[in-house]
1. Output the relative contact order of region 82-187, whole-number percent, from Cα pairs under 8 angstrom with separation of 6+ residues.
2. In nm, to one decimal, how far is the modelled label at residue 323 from the one at residue 531, with both set 7 Å along Cα→Cβ?
3. Against the longest alpha carbon principal axis of the chain, how many degrees, from 0 to 90 and to the nearest 10, is the axis of helix 84-96 turned?
4. Return the whole-Å distance between the Cα centroid of region 614-647 and the Cα centroid of region 169-233.
5. For region 191-337, what number results from the quotient of the Cα radius of gyration and 2.2 N^0.38 Å?
6. Could you work out the relative contact order of the chain, using alpha carbon pairs under 8 angstrom and six or more residues apart, expressed as a whole percent?
7. Based on alpha-carbon atoms only, what is the radius of gyration of region 87-190 relative to the globular estimate 2.2 N^0.38 Å?
8. If packing is taken as the mean number of other Cβ atoms within 10 Å per residue, what is the order of 575-585, 106-116, highest first?
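Just so it is clear, none of the values below were taken in a lab; they were calculated from the coordinates. What you see is a predicted model, and the numbers here were worked out from it, not measured in a lab. Cβ placement follows ideal geometry from the backbone for every residue including glycine, while neighbour counts extend to all protein chains displayed.
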């Protein structure tokens, strides 16, 4: 306690005593009871002064601050072929060494994430070193931390750890395990094809081959579809010319899943041949929506609609004249009627007779007299005067998702003014807005007639919307996705299915294999009480059943325990006569087998960038000795100062109240009031 505080307490006691004596010995009649009353008044004043002074004292608690020593072991499967024995030896060395005097020791293992060290199975299919280091930085942020990173340095996902920068009080000491010798190596770094293609079409592929070596080498790239070679190209590599991208096309000659394997012939001196090939899968389907774009005009809108729709490879658009024969018109599953006039009579008759969906686009050249006469679903009394019209999105539209569509920034369309009326139930996607005034008239709406869905857009120059979407987002996807959703909705004539599946027919890894399903009751509300069972059959005929678990708004089944191969499946609802079937393929691909040598260069750079030092597996004793001897790691004795109030305000106030009450009671009892 400070000397000033002690002097104030003494002064408070003297003052309180003086006030009590003055009140009961100088102003009052002398009586024996005055000594008791003076004592109570002294305590009252003294306690009140203590409240004002609020004396405090400081206590000091010494403690020893130790640095954290975090040992990180690589648990990925690449260690199995490249340093497993070394990792086990290092783990044993650290377990036998006592670091308790200098460090707080913690151990973890990592692959795609960080985990507590219990056992090392080295079965991780992904290595993310940068994420593990970042997690350590967050967990042990309060004290200085030394990180011992035991790894081969081969990372296949995440940010490049070579440029990782830890906090100033975190040092990283990599221990490099595995074979650090650099061998000549050819590997397929990337291979891609479209996920779907159509029968008798040519589908493109692109593959990138990289070379790691110093000499000049020649090899061949072979492309196989279901084991049959369909493409071959000679390749040359050197130290400077160490990468090649090859593109080509393959014809889809039969329906079904196809395994496309890209294989580069290995070098004679090559050690790691696992990464010389990569497999992808494609599904050839014989289902394509053929769309007829009927127009008697040449207009930029035609090209914009064709490109937007054909971004989905399951749709093809053919531009035809209204004079097309009925036989040729039968080839189309959906029609887009651009600015109809009297020459469209046969097209409208065919659409009505076949009950197929259609999309009518009107504009300045539309013959509204003909359009009014050929159908009764909607009518317009045209004033034969054109005007610019802007679009306003109807937020209540729920037939499909248009939340990503931003029409407020789109340029206006050109249309004919007139009184417009729809004679059947309809849904408005976009309303009209002219010169800033909102009109209660649809610009784009959908409806149904004769069991066929249709839509009407009252405006031309929709190509400007596509251009504006690209200007705003550097991508046509906003416009293309909207048109694609509209066409899909209008061309879908299938009845609603109460059991719906959502799955990827091709999985690159078992870890990614999941199947989702949704089940609806008779009112088409999601049924969260249903019991769904997934029955899986592999290519050998073995059957297994997996219950599907409820996950928010769908049911899911995790298939990560399956091996690579082709499977058929059926999802059934227990107690109901509903089931859906499908097939998928799991492609065998292991990221961890793509590199055979340790990446010492990156680990050395990591150590230099984070105040550490890299060691090889035969230098672990040197590292342990450094940790035990180096003065930099000596624990630091510190102390915590706690400032504590000498008094408790609640008890002191209670004591003051007690003294005043007792004094009043004694005075009252003795008739002194």
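1. Details: 109 pairs, mean separation 30.1, N = 106.
Result for region 82-187 is 28 percent.
2. The two pseudo-label positions are separated by 6.7 nm.
3. 10
4. 47
5. On the way: Rg = 21.3 Å, N = 147, 2.2 N^0.38 = 14.7 Å.
Against the compact-globule rule of thumb, the ratio is 1.45.
6. Numbers: 1327 pairs, mean separation 107.5, N = 673.
The value is 16 percent.
7. Numbers: Rg = 15.1 Å, N = 104, 2.2 N^0.38 = 12.8 Å.
After normalising by residue count via 2.2 N^0.38 Å, the value is 1.18.
8. Working: 575-585: 14.0, 106-116: 17.8.
Peptide ranking by packing, descending: 106-116, 575-585.
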